[in-house]
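A quick write-up on the structure given underneath.
Computed from the coordinates by the stated procedures, all read-outs in this text should not be read as laboratory data. Values in this document were obtained by computation on a predicted structure and should not be read as measured data. We place every Cβ from the backbone using ideal geometry, glycine too, and count neighbours over all the protein chains shown.
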Amino acid sequence: MRSFILRRLLLTLPVLLGVVTLVFSFIHLVPGDPVQIMLGEGAQATDVEQLRHKLGLDQPVLTQYGRYLKDVSSGDLGISFRFGEPVTAIILSRFPATLQLAMLSLAFGALLAVPTGVLAATNPGGWLDRMLTSATLLGISLPNFVSGPIAIIVFSIMLGWLPVSGRAGLAHFILPAVTLGASLSAILTRMVRAGMIEELQEEYVKTARAKGLPEIKVLLKHALKNSLIPVVTVLGLQFGTLLAGAIITETIFAWPGIGRLTVQAINSRDYPLVQGCLLVIACTYVTVNLLTDLVYGLLDPRIKYQ
Amino acid sequence: MNTHAFLQEIGTNRLALFGGFVGSLLILIAVLAPVVAPFAFESQDLPLRLQPPSVEHWFGTDELGRDMLSRVAHGTRISMLVGFSVVLVSSFLGLLAGSLAGYYGGWFDEVLMRVVDVLLAFPGILLAIALVAFWGPGLEKLILALVAVGWVGYARLVRGQILKVRELDFIKAARSLGASNARIILRHLVPNIIQPVLVQASIGMAGAILAEASLSFLGLGVPPPLPSWGAMLNDGRSHLFDAPHLVLFPGAATMLAVLAFNFLGDGLREILNPRLQSQSTLRR
C-alpha cells in the first residue's frame, strides 16, 4: 500500500509543476502589454514602469519563471492589483465559503442520488425507472445559469420561501447548494442505478435472496455497498467540476467565494489575483483527484496492484 | 456496423431520434435565422421595453425593446457556429495527435500524455475561462479557447483506441503486405476507431454549446450586440422580478440544445455498444 501511495504522489508532482507553469504563462498570453491593460489607456508611463517592475515583468522570462516557482512554493502568490493586499490572504478569506458550498452540494447530490438510483434499479425499464432516468438526463442538461435564476423566480420571488443572495444563515445555502449539486446528483443517480443493476445480477445476490433475506437487506446491505465503489471516484472527480461550477453559481447568488472572486478579478484585469485563483482551484482539483485515487485504492484492493 | 445497419438502428432508437430531430431543427433555425426572426436582432424600440410575450412579440422584448424571439433565433446561430467549429477542429486535432501518439509511441506519446495530464488538471470550463480572461473576449478567441480545452479528450480517446486496434491481426497483415504507416493509420486504423469519436463529438457539441453560454453569461464570450443565449440570461438576471421571460426563453433554448446533443450522443453510444442496450430505459 505504501508503494502505491508513493507512486501516486510522485506522479502528481510533475502535474503540479505543469499546472504552475501553465498558470505562470497565462500573463504572457495577454495580447499587448498586460501592465498597460491593467492600468488602462490613460495611465502615466512612470506608473506603467513602476507596476511592471513591481510585478517583475521587466525581467527576462526565465528569471520571472524561476521567481514565480520560488514564490509559489513558499505560498506567496503576489499582491492583488485591485485590493493592494497579498493574493494568498484574499483567497484564504474567500476559500472557506466555496468549500462549504461545494461540500453541501456534494452532500445534497449524494443524498438524493443514492435512494433515487436504488429505486430506479429495483425495476429497470419500469415507469418509475423511466421517469427517474429522464429526470436525470434533464438534470445533466440543465445548466446552473438556467436553473439558478429559475430557482430564484420560483422559490424566492413567487413563493418567498428562500433568500435570493447572501450567506447569513442555513437558508442562504439551500438555493446555491441545490443549483450547484443538481447535475452532480443526476450523474450520480445514473451511476448508482447502473452499478445496482449490475450487482443485482451477481451470484451473491441470488444466494442472499435464496437464503430468504428480506429484499431491503439484499438491496442495501449487499448490492448497494458494492455498487458504491465507482461512485466514490465520480464524487472525487466531480468535486473539481463543482469548483468550476461555483464560478457561475457564486456569481448568480452573490456568494462571497473564490468563484465570484475569480470573475471580479477577471473583470478588473487583476491578473495576479486571477492567476492565484486559477492556481488554487487547479491545485485543489489535483489534490482531490489524488485523494480519490488513494481512497479508491483502499476500497478496492485490486486497484493498487495494477 | 455498416452504414445501412447504423442508420436503421438510429431509426429505432428514441434517444438518438429525438436528439437528431431537435438538433437538425436547431441547425435549420441557425441557418434560416434572418428569415425565421420577425425583427432584426439589434433593432431597438425603447417605448416597448420589457414587454411580456404577446401576439406581436412571441417571446416578449428586452430592456432595450429588442424582440426576444429574434434574439433567441440569432443566438442559435452563435451556439451552432461555436459548437460545430469547436467539435470539428478539436476532433481533427485530437484524431491527429491521438493517432500519431498511439501508433508511433515513443517521445511524442510521452510528451502528449504529459500535456494531456496537465490540461486535465484543470476543470475544462475553468481553463477556457482562464484563456479568455487573458486573451480578451471575442468570438474567434472563444472558439480557440474551447478548442484548446476540447482536443485533449479526443486525443486521449483516440490514443487508447489506437493502442487496442493496432495489435489486431488485420493491422499486422496490412503491415506485412507492405502498407505504409500513413496508409495503415488513415485506411485501417481511423475508420475502425471513428465510432466512439462520433459519440464523443455529439456529447462534445453539447459541451461546447454549454461552455459558450457559460462564458457569455460571465461576460467573457461573444461581445454585444451579437446575441448569445448566455449573455441574454445574464442581462435578464437584473429583471427576474419584473420580466422573467428574459431568462426563461434563452434558458429553455440552451437546455433544449444541450439536451438534444446529449440525447444524440447517448443514443449513438447505445447503438454502437449493444451491451448498454439491455440497461437502457428510454430506448423504445
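Is it the case that some residue within segment A:115-124 is surrounded by fewer than 15 Cβ atoms within 10 Å (Cβ to Cβ) and either without any contact (Cβ under 8 Å) to a residue 24 or more places away in the chain or part of a loop (DSSP other than H, G, I, E, B) (or both)?
Filtering segment A:115-124 down to residues surrounded by fewer than 15 Cβ atoms within 10 Å (Cβ to Cβ) leaves A:115, A:123.
Going one step further and asking which of them are either without any contact (Cβ under 8 Å) to a residue 24 or more places away in the chain or part of a loop (DSSP other than H, G, I, E, B) (or both), we end up with A:115, A:123.
Yes, because at least one residue in segment A:115-124 is surrounded by fewer than 15 Cβ atoms within 10 Å (Cβ to Cβ) and either without any contact (Cβ under 8 Å) to a residue 24 or more places away in the chain or part of a loop (DSSP other than H, G, I, E, B) (or both).
Take segment A:69-102 and flag every residue that is under 25 Å from A:Pro14 (Cβ atoms), more than 19 Å from the chain's Cα centre (by Cα) and β-branched (Val, Ile, Thr).
A:Val72, A:Val87, A:Thr88
Filter segment A:24-66 for residues that are part of a helix (DSSP H, G or I), within 14 Å of chain B (Cβ to nearest Cβ) and within 23 Å of B:Leu119 (Cβ to Cβ) and give the result.
Those that are part of a helix (DSSP H, G or I), within 14 Å of chain B (Cβ to nearest Cβ) and within 23 Å of B:Leu119 (Cβ to Cβ): A:Phe24, A:Ser25, A:Phe26, A:Ile27, A:His28, A:Leu29, A:Pro34.
Which one of B:Leu93, B:Leu50 is on the phi > 0 side of the Ramachandran plot and touching a residue at least 40 places away in the same chain (Cβ under 8 Å)? Give the derivation first.
On the way: B:Leu93 fails: on the phi > 0 side of the Ramachandran plot.
Being on the phi > 0 side of the Ramachandran plot and touching a residue at least 40 places away in the same chain (Cβ under 8 Å) holds for just one of B:Leu93, B:Leu50, which is B:Leu50.
Yes or no, residue by residue, for (1) in contact (Cβ under 8 Å) with a residue 60 or more places away in the chain; (2) in contact with a helix residue (DSSP H, G or I) (Cβ under 6 Å, 6 or more places away or on another chain); (3) over 15 Å from A:Gln275 (Cα atoms):
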| residue | (1), (2), (3) |
| --- | --- |
| A:Glu49 | no, no, yes |
| A:Lys54 | no, no, yes |
| A:Gln59 | no, no, yes |
| A:Ser74 | no, no, yes |
| A:Gly78 | yes, yes, no |
| A:Phe81 | yes, yes, no |
| A:Ile90 | yes, no, no |
| A:Ser93 | no, no, yes |
| A:Ala97 | yes, no, yes |
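For segment B:105-216, list the helices (runs of 4 or more DSSP H) that sit wholly inside it and hold at least 2 residues that are under 17 Å from the mean Cα position of the chain (by Cα) and at negative phi; which are they? Spell out the reasoning first.
Details: elements: B:106-120, B:124-135, B:139-165, B:169-176.
Ranges flagged: B:124-135, B:139-165.
It is to be established whether one or more residues within segment B:228-242 are part of a loop (DSSP other than H, G, I, E, B) and surrounded by 17 or more Cβ atoms within 10 Å (Cβ to Cβ).
The answer is yes, given that some residue of segment B:228-242 is part of a loop (DSSP other than H, G, I, E, B) and surrounded by 17 or more Cβ atoms within 10 Å (Cβ to Cβ).
Can you list residue pairs whose Cβ atoms sit under 7 Å apart, with the first residue in segment B:116-143 being more than 7 Å from chain A (Cβ to nearest Cβ) and the second being among the basic types (Lys, Arg)? Count only pairs 6 or more apart in sequence or on different chains.
From segment B:116-143, the pairs are B:Val116/B:Arg156; B:Val132/B:Lys141.
Can we say B:Gly219 is of a type outside the set (Ser, Thr, Tyr), on the phi > 0 side of the Ramachandran plot, within 14 Å of another protein chain (Cβ to nearest Cβ) and in contact (Cβ under 8 Å) with a residue 24 or more places away in the chain? Talk me through it step by step, then tell me what you get.
Numbers: of a type outside the set (Ser, Thr, Tyr): yes; on the phi > 0 side of the Ramachandran plot: yes; within 14 Å of another protein chain (Cβ to nearest Cβ): yes; in contact (Cβ under 8 Å) with a residue 24 or more places away in the chain: yes.
Yes.
Looking at segment B:1-73, what helices (runs of 4 or more DSSP H) fall wholly within it and have at least 2 residues that are farther than 20 Å from B:Ala206 by Cα? Walk me through how you get there before you give the answer.
Details: elements: B:3-12, B:14-31, B:33-36.
The qualifying helices (runs of 4 or more DSSP H) are B:3-12, B:33-36.
Conditions (1) more than 28 Å from A:Thr21 (Cα to Cα); (2) hydroxyl-bearing (Ser, Thr, Tyr), marked per residue:
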residue	(1), (2)
A:Leu237	no, no
A:Trp255	yes, no
A:Gln264	no, no
A:Ser268	no, yes
A:Leu273	no, no
A:Val286	no, no
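Counting only residues that are away from chain B (no Cβ under 14 Å) and touching a residue at least 60 places away in the same chain (Cβ under 8 Å), which one in segment A:157-171 is farthest from A:Phe253 (Cα to Cα)?
Taking segment A:157-171 and keeping what is away from chain B (no Cβ under 14 Å), we get A:161, A:166-171.
From what is left, the residues that are touching a residue at least 60 places away in the same chain (Cβ under 8 Å) are A:166-167.
Working: A:Gly166: 7, A:Arg167: 9 Å.
That would be A:Arg167.
Out of all the residues in segment A:5-23, which are away from chain B (no Cβ under 12 Å) and touching an Asp or Glu at 6+ places or on another chain (Cβ under 9 Å)? Outline the logic, then answer.
Here is the first cut: in segment A:5-23, the ones away from chain B (no Cβ under 12 Å) are A:5-10.
Of everything in segment A:5-23, just one residue is away from chain B (no Cβ under 12 Å) and touching an Asp or Glu at 6+ places or on another chain (Cβ under 9 Å), namely A:Arg8.
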